[in-house]
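The structure appears right after this line, and notes come after that.
The values are calculated or read from the model by the stated rules, or taken from the named source; none is laboratory data. Predicted, not measured: the structure shown is a model, and the values here were computed from it. So basically every Cβ, Gly included, is an ideal-geometry build from the backbone, and we count neighbours across all protein chains shown. The area values use the complete protein model at the heavy-atom level, side chains included, leaving out ligands, DNA and RNA. Shrake-Rupley method; radii C 1.70, N 1.55, O 1.52, S 1.80 Å.
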Amino acid sequence: MSATNQTTAAVEVSPVGQATPVPAEAAFTGPRRRSGAWLTQLLGNRKAAFGGLILLAFAAVAIFAPALAPYDPTEFVGRPHRPPSSEFRLGTTGSGQDMLSQLIYGTRISLGAGVIVGVATTVIGALVGLAAGYFRGRVDDFLSLLTNVMLIIPGLPLLVVLAAFLPAGFWTTVMVLIVAGWAWPARVLRSQTLSLREKDFVSSALVSGEGSWRIMLREILPNMMSIVAAGMFGAIIYAIGAQAALEFLGLGNPSAISWGTILYWAGNNAGLLVGAWWTFVPAGLCIALVAFAFALVNYAIDEITNPRLRSQRETNLALRRHRRQLGVSRATPVLRSAGQHRAAGD
Amino acid sequence: MNFILRRLGFYLVAAWASLTLNFFLPRFMPGDPATALFARMQGRIQAEQIQTMREAYGVSDDPLWQQYGAYLVNIFRGDFGVSISYFPTAVFDVVRSGFVWTIVLVGVSLVLSVLIGNILGVMGAWKRNGFVDSVLPPLLMFVGSFPFFFLASVALFFLSFEWGWFPLRHAYTDGLAPAWSWEFIRSVLYHLVLPAATSIVVAIGGWMLGMRNTMISTLAEDYVTMAEAKGLSQRRVMFNYAARNALLPNLTAFGMALGFVISGNLLVEIVFAYPGLGYQLLTAVNNLDYPLMQGLFLMITFAVLAANLVVDLLYVRLDPRVRAG
Amino acid sequence: MATPSSRLRESEHNYPAEPLLRVRDLHVHYLTPRGPVRAVDGVSFDISRGEVLGLAGESGCGKSTVAQALLRILQPPAVITGGEVHFGDRDILEMSDDELARFRWKDVSMVFQSAMNALNPVITVGEQIEDVIIAHGAMGKLEARQRAADLLDIVGIERNRLDAYPHQLSGGMRQRAVIAIALALNPPLMIMDEPTTALDVVVQKEIMSQIDELKRQLGFSILFITHDLSLLVEISTRIAIMYAGQIVELASARDIFERPLHPYTQGLMSSFPSLTGQTEALTGIPGAPPNLLQPPSGCRFHPRCQHCKPIFTKIVPPLVEVERDHWVACHLYTDVGVRA
Ligand SMILES: Nc1ncnc2c1ncn2[C@@H]1O[C@H](COP(=O)(O)OP(=O)(O)OP(=O)(O)O)[C@@H](O)[C@H]1O
Ligand code: SF4
Ligand SMILES: [Mg+2]
């Protein structure tokens, strides 16, 4: 890896455009801190809660799609390109299907593919990252080289050539996205493993003769769960966006119903140029909303686990009461009023 | 220099890896692309086109390693095969014509989004509690969640189609001959506004957040405190002391994000029918033009590698610690 | 109750003319979500021209906070909540941004604790000297460069290292470079916040004798901060001992060493290893420094004090002059203590 990682960044912008927390040093300095603390804090975080609510809503839509959809999404139920009405809440597609029903059923494939790819890339990334960071030396050199090569090859053209040679279908898309997407989590988790490996609890596990994979999976992995989670959410964002892009290009299965194919058909049926905004706006909004929700949760994780950001946030909270008197000067403020409570203490 | 040599070696490995992938992909994928193409394009495609494909994908009887060698030699000479959709134009020539426009679009949107994003990040971290830091991050994060091509579609629909403020498609007014004339350049700029603006808007958030976070860490460093103690002007502390150091880790990330940004721009091109590589990629997919697809993949990869090398050179200029070796 | 500041003011005639720096009842809080951390809680002292005031105390007692508050370079959540800091006839706490920019470094400069972190890694050492000279309008670019080279000379670095980057210098040289920067504008007062802590003993000795030498030549005053009392023996005129955000004893260096009055200072002295100059000098007092979120009531040292009586936990001992120029904040020397 020596090749790329000259300075360890506090936060790196992933190729997916998401800022993923990459603490320069392990965020946990204590001997051993299990995953619990940050999770509890996450539940109390407003951004995370908001993101979580959005995601729950989408998950519910995906699960209860048959009950929620007013029509069969594949059936031609009306005239093409009908604007939204009481009959068709979101209008009809270019070939006369109910847009709302398509959107609801589309949630299943889009979210499903996103989650499958997210989990798979994270698992692969974690294994590669753990192995590289734990064994170091040759193993690391090789795995890091592989990871960095995968990272530097531009994603979309790679996805296109991979997908174009395979029969179009759900699993093709999923597989291609996994092949092109595991490298980022691997890189992030490798650097985390490298720093956790130096901690005392790993040395003592080594001394007590535990096996390598046992140490990796039982000692190191549980101590970086927040980063694993953030990496997975980032991967899901990537998967949903990339899947939609592939389908939009016509490399998906056009007869399956997903947000990407909805956009594909909107483009193909010139929905845009006949003024049928309802054929593409809702699907795009759904993609954005899901991505935003995951990004919010990630932002919250970052705020909780990155010590510098956390103290910055706490400072802002503590100073909020005095905001008006503080002004924009960077010199240490003189706030005689803030010391008033002192009298009571003395 | 050591650093640059190491990076150069890495890029060579990456280039070799993508070449090799490109070679083996059609040979090991299930089915024969030429036959598939023939089946799908029945009647629309000439026999000689099929023959070209056959040759390109090694239905020859030479052993694999010999084909591989010949393939590498061909690539090295700039021979990427013959395009099917633009038959009989060579892939290399097709790609070259699109390259200019992609460079224009990516160049403009990348430079502007990086510049604006980083400046906003610096200011957000510098002026705590200011407008920039409280309102912009969540807003840009939301905008950044939209797929590039979707935002492009919406912009096209409203700004061009409904309200007619911007042209609907292409890179310059039809019928205008490319020339270094004011009229032509103005037309190019006019056509560039919307595609560039959408990709700038989507990308800015990522740059800003990245810069803001490293700035916050950098501002806590002793050398920034000392710079303030020295009574230097705020601008000098902010840029020469804080931002210059905060930039370094972001520069490394920049190289990697490049591929993503370019991918997004390719999709924007498709929406605006902007005649760059993205539009060609769509043509290739629609016509099952495998040689063109692969040529595009290679050329874009090489361009990204080259751009990364430029970033490395910049890094060396900015960080004396690397310069020393 | 007589406040330490009013008592101090009474004794002003003891000092030759007007003091250079006059700190009165300084309060600095860190506003945290769990409440204010009272890192500096009513600190008063003077520094006269040419004097070296040593400020010593355990880690975390607020020494650096005092130093950085004087230049107002503390960053949030730090807030100065009260007091006065007079430099000459101006109150630093009342200065505007522009006044501060002119005041900083020209009148008071500072040597930071860790030289590696105090130097900007991407700018040459020369430029880091020149920029402060130019910013204060003292000279043009060429002259500034000349002066920068001279300054390196003064602190014992070859002039041609002007274009070196910090990482190209050894630890000792970096610390000298930081001192050179502090000397750039010839300020009447320099704050040195543990200038030698990060260095090995030999280099430490060299730097200390250099500082001593420079001080004799140039005649500036120093606020010298350390938690290593042995360093203060030779260099300081007077010494202030700080505990939990307050000054508990203030006297001439000789008095502090020969007749420490406060139990805390006595503890420091007994744990002061002779001659070796080890940095763990202050570890000899049982107990841990207090949490400044909720400092102990009454005398802050009482949980660790052998002489503690119940009444001491309720009443705050004021800093009073118990002998000529020897100030102590301890009930053993007040009426409260006598009655108890
Ligand atoms: N940003 C902060 N937020 C909250 N508390 C702080 C902050 N910075 C410092 N403190 C607290 O203020 C107190 C004084 O810190 P300061 O750095 O002034 O100590 P010091 O005497 O210089 O210690 P050292 O010898 O270790 O340098 C400490 O107890 C510390 O915990
Ligand atoms: S006042 Fe009492 S508790 Fe405090 S130092 Fe003096 S003797 Fe000890
Ligand atoms: Mg300190």
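If I go through the range A:141-166 residue by residue, how many of them are facing chain B (nearest Cβ under 7 Å) and among the aliphatic types (A, V, I, L, M)?
Of the residues in the range A:141-166, 11 are facing chain B (nearest Cβ under 7 Å) and among the aliphatic types (A, V, I, L, M).
Pairs only if they're at least six apart or on different chains, beta carbon under 8 angstrom, first in the range C:298-309 and more than 14 Å from every other protein chain (Cβ to nearest Cβ) and more than 16 Å from ligand 1 (Cβ to nearest atom), second open to solvent by less than 30 Å² (accessible area, probe 1.4 Å) and modelled with pLDDT under 85; list them, first residue then second.
C:His302/C:Phe312; C:Cys305/C:Phe312; C:Lys309/C:Gly337
Yes/no matrix, rows are residues, columns are (1) within 16 Å of ligand 3 (Cβ to nearest atom); (2) more than 14 Å from chain B (Cβ to nearest Cβ):
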site	(1), (2)
C:Ile154	no, yes
C:Ala182	no, no
C:Met192	yes, no
C:Asp200	no, yes
C:Ser209	no, yes
C:Gly219	no, yes
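Anything in the range C:28-42 that is within 9 Å of chain A (Cβ to nearest Cβ), more than 16 Å from ligand 2 (Cβ to nearest atom) and touching a Gly at 6+ places or on another chain (Cβ under 6 Å)? List them, or say none.
Of everything in the range C:28-42, just one residue is within 9 Å of chain A (Cβ to nearest Cβ), more than 16 Å from ligand 2 (Cβ to nearest atom) and touching a Gly at 6+ places or on another chain (Cβ under 6 Å), namely C:Arg38.
For the range B:61-95, which positions are in contact with a strand residue (DSSP E or B) (Cβ under 9 Å, 6 or more places away or on another chain) and not aliphatic (A, V, I, L, M)? Spell out the reasoning first.
At the first step, the residues of the range B:61-95 found to be in contact with a strand residue (DSSP E or B) (Cβ under 9 Å, 6 or more places away or on another chain) are B:78-83, B:88-91.
If the condition is that a residue be in contact with a strand residue (DSSP E or B) (Cβ under 9 Å, 6 or more places away or on another chain) and not aliphatic (A, V, I, L, M), then B:Gly78, B:Asp79, B:Phe80, B:Gly81, B:Ser83, B:Pro88, B:Thr89 are the ones that fit.
Can you give me the ranges of the strands (runs of 3 or more DSSP E) entirely in the range C:162-280 with at least 1 residues that are hydroxyl-bearing (Ser, Thr, Tyr), in contact with an Asp or Glu (Cβ under 8 Å, 6 or more places away or on another chain) and open to solvent by less than 10 Å² (accessible area, probe 1.4 Å)? So that I can check it myself, show each step before the final result.
Details: elements: C:189-193, C:221-226, C:238-243, C:246-252.
Passing ranges, in order: C:221-226, C:238-243.
Which residues, counting only those in the range B:233-259, are open to solvent by 10 Å² or more (accessible area, probe 1.4 Å) and touching a strand residue (DSSP E or B) at 6+ places or on another chain (Cβ under 9 Å)?
B:Pro249, B:Asn250, B:Thr252, B:Phe254, B:Met256
Among the residues of the range B:161-199, which ones are closer than 21 Å to B:Ile116 by Cβ and either assigned to a loop (DSSP other than H, G, I, E, B) or within 13 Å of chain A (Cβ to nearest Cβ) (or both)?
Correct list: B:Phe166, B:Thr198, B:Ser199.
Can you name every one of the helices (runs of 4 or more DSSP H) wholly within the range B:258-325 that holds 2 or more residues which are modelled with pLDDT of 85 or more and under 13 Å from A:Val161 (Cα atoms)? I'd like the intermediate steps shown before the answer.
On the way: elements: B:277-286, B:290-318, B:320-323.
It comes to B:277-286, B:290-318.
The conditions are (1) more than 26 Å from C:Gln68 (Cβ to Cβ); (2) in contact with a helix residue (DSSP H, G or I) (Cβ under 9 Å, 6 or more places away or on another chain), and B:Thr218 fails exactly one of them. Which is it?
Answer for B:Thr218: the failing condition is (1).
Is one or more of the residues making up the range C:153-161 within 23 Å of C:Leu223 (Cα to Cα) and open to solvent by less than 10 Å² (accessible area, probe 1.4 Å)?
The first filter runs over the range C:153-161 and keeps only residues within 23 Å of C:Leu223 (Cα to Cα), leaving C:154-156.
Of the ones still in play, those that are also open to solvent by less than 10 Å² (accessible area, probe 1.4 Å) are C:155.
Scanning the range C:153-161 turns up at least one residue that is within 23 Å of C:Leu223 (Cα to Cα) and open to solvent by less than 10 Å² (accessible area, probe 1.4 Å).
Which ones in the range C:310-340 are near ligand 2 (Cβ under 7 Å from one of its atoms) and either assigned to a strand (DSSP E or B) or within 14 Å of chain A (Cβ to nearest Cβ) (or both)?
C:Pro317
Which one of B:Phe131, B:Phe87, B:Phe148 is within 14 Å of chain A (Cβ to nearest Cβ) and over 30 Å from B:Ile185 (Cβ atoms)? Please lay out each step first, then the result.
Details: B:Phe87 fails: within 14 Å of chain A (Cβ to nearest Cβ); B:Phe148 fails: over 30 Å from B:Ile185 (Cβ atoms).
Of the residues listed, the single one that is within 14 Å of chain A (Cβ to nearest Cβ) and over 30 Å from B:Ile185 (Cβ atoms) is B:Phe131.
Within the range C:60-77, which residues are over 10 Å from the mean Cα position of the chain (by Cα) and at the interface with another protein chain (Cβ under 10 Å from one of its Cβ atoms)? Walk me through how you get there before you give the answer.
Taking the range C:60-77 first, the residues over 10 Å from the mean Cα position of the chain (by Cα) are C:60-61, C:69, C:71-77.
Those that are over 10 Å from the mean Cα position of the chain (by Cα) and at the interface with another protein chain (Cβ under 10 Å from one of its Cβ atoms): C:Ala69, C:Leu71, C:Arg72, C:Ile73, C:Leu74, C:Gln75, C:Pro76, C:Pro77.
How many residues are open to solvent by 10 Å² or more (accessible area, probe 1.4 Å) and closer than 24 Å to A:Asp141 by Cβ if we restrict to the range A:189-213? Let's see the steps before the verdict.
Taking the range A:189-213 and keeping what is open to solvent by 10 Å² or more (accessible area, probe 1.4 Å), we get A:190-191, A:194-195, A:197-201, A:203-204, A:206-213.
Now drop any that are not closer than 24 Å to A:Asp141 by Cβ, which leaves A:190-191, A:194-195, A:197-199, A:203, A:206, A:211-213.
Of the residues in the range A:189-213, 12 are open to solvent by 10 Å² or more (accessible area, probe 1.4 Å) and closer than 24 Å to A:Asp141 by Cβ.
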